[in-house]
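Next up is a structure, given as structure tokens.
Every read-out reported here was derived from the displayed coordinates using simple, explicitly stated rules and does not represent laboratory data. Just so you know, these numbers come straight off a predicted model, no measurement behind them. Glycine also receives a Cβ, built like all others from the backbone with ideal geometry; neighbour counts cover every protein chain displayed.
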Amino acid sequence: MAEQFSFPGFGDSPVRAPVAKHKLKGAREPYSLFFSIFPSPSDAAEIAKVGDALARAHGLTGKALPPHRLHVTCHDLGNFTELPQDLVDAAVRAGDALAFDAFDVVFDIALSYPSAGTYVLSGREETRQLTAFREQLGESMRSQGLRVSRSFTPHMTLVYDRHVVPEHSIDPVRWRALEFVLIRSHVGKGLYDVLGWWPLAE
């Protein structure tokens, strides 16, 4: 079910971004590739409101992610100057092979990740379904010869801010994961291309 289009909106016309052929010394790779889940637009708008309120309460003044960029990264496949087509093809096959039911994502804590300079939502017991989904996706990836990191802390970045906020409980933020996607991110530009899209069974 691989398709290619850009955010915002899954209905946009296909877009093929120019590929960087050369990397300047000291420059970041212009693209990253990852599997992710996104809340629906209405859920994302509500989560953004929660994020704004939490940021104000903790004196955060950094850059908040707009609603259409709020997501949970499930597997990061790396950063690249040019995406290897065989890697993209293998990732699409892994997505095609996975069958998983839709599930609720529940975040009940928030905290800073000082090393990343981010303030995020996270969770404890009620992220088990998210973790189970990631594990099954990882197995599907391994079946296609892809490397999979075992380390995973479920989280959703809300704000880029260097001010450190300790972990604290919040009113649970709940949304339903109905699909997962393979994303090519234009690093530093806030642009996402969807290279694959798969629904989760209701």
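Separation between the E139 and S169 pseudo-spin-labels, each 7 Å from Cα along Cα→Cβ, expressed in nm?
Reported label-point gap for E139 and S169 is 3.4 nm.
Which value, in debye to the nearest 20, describes the size of the charge dipole of the stretch 32-105 about its Cα centre when Lys and Arg Cβ atoms bear +1, Asp and Glu Cβ atoms bear -1, and nothing else is charged?
Numbers: 5 positive and 10 negative charges, 91 e Å.
Value, rounded to 20: 440 debye.
Distances longer than 25 Å among the Cα atoms of the chain: what percent of all pairs is that? Before the final figure, lay out each step's value.
Details: 7660 of 20301 pairs.
Percentage above 25 Å: 38.
Quick check: residue separation of S40 and A99 times 0.36 nm, minus the Cα distance between them. What number comes out in nm? Intermediate results must be reported in sequence, preceding the final value.
Values: separation 59, 0.36 × 59 = 21.24 nm, distance 1.99 nm.
Contour length minus the Cα-Cα distance gives 19.2 nm.
Roughly how tilted is helix 85-97, in degrees to the nearest 10 and between 0 and 90, from the longest Cα axis of the chain?
Helix 85-97 sits roughly 70 degrees off the main axis of the chain.
A follow-up question, please. How would you rank 69-77, 85-93, highest first, on the average number of other Cβ atoms within 10 Å across their residues? Please list the in-between numbers first.
Numbers: 69-77: 19.9, 85-93: 15.8.
Packing proxy ranking, top to bottom: 69-77, 85-93.
Taking the Cβ of A102 as the center, what net charge do the other residues with Cβ under 9 Å away carry, scoring Lys and Arg +1 and Asp and Glu -1? Kindly include the intermediate steps, with their values, before the conclusion.
Numbers: positive: R176; negative: D101, D104, E179, E202.
Once positives and negatives cancel, what remains is -3.
At a 10 angstrom cut-off on C-beta neighbours, averaged per residue, how do the peptides 180-186, 161-167 rank from highest to lowest? Could the numbers behind the result be given before it?
On the way: 180-186: 21.3, 161-167: 13.4.
Going by the mean number of other Cβ atoms within 10 Å, highest first, we get 180-186, 161-167.
Taking a ≥ b ≥ c as the square roots of the Cα gyration tensor eigenvalues, with a/c under 1.5 meaning rounded and otherwise prolate when a/b beats b/c, else oblate, which class fits the stretch 81-172? Can you show the working numbers first?
Numbers: a/c = 3.03, a/b = 1.60, b/c = 1.90.
Oblate, since a/c reaches 1.5 and b/c is not below a/b.
What does the helix-only formula give at 222 nm for the chain: each DSSP H stretch with n ≥ 4 adding -39500 (n - 2.57), the total divided by the residues, and the result rounded to the nearest 500 deg cm²/dmol? Provide the component values of the computation, followed by the final result.
On the way: 3 runs with 46 residues, N = 202.
Taken over the chain, the calculation gives -7500 deg cm²/dmol.
How far apart, in nanometres, would the label points at E126 and N79 be if each is projected 7 angstrom from Cα along the Cα-to-Cβ direction?
Roughly 3.4 nm, to one decimal.
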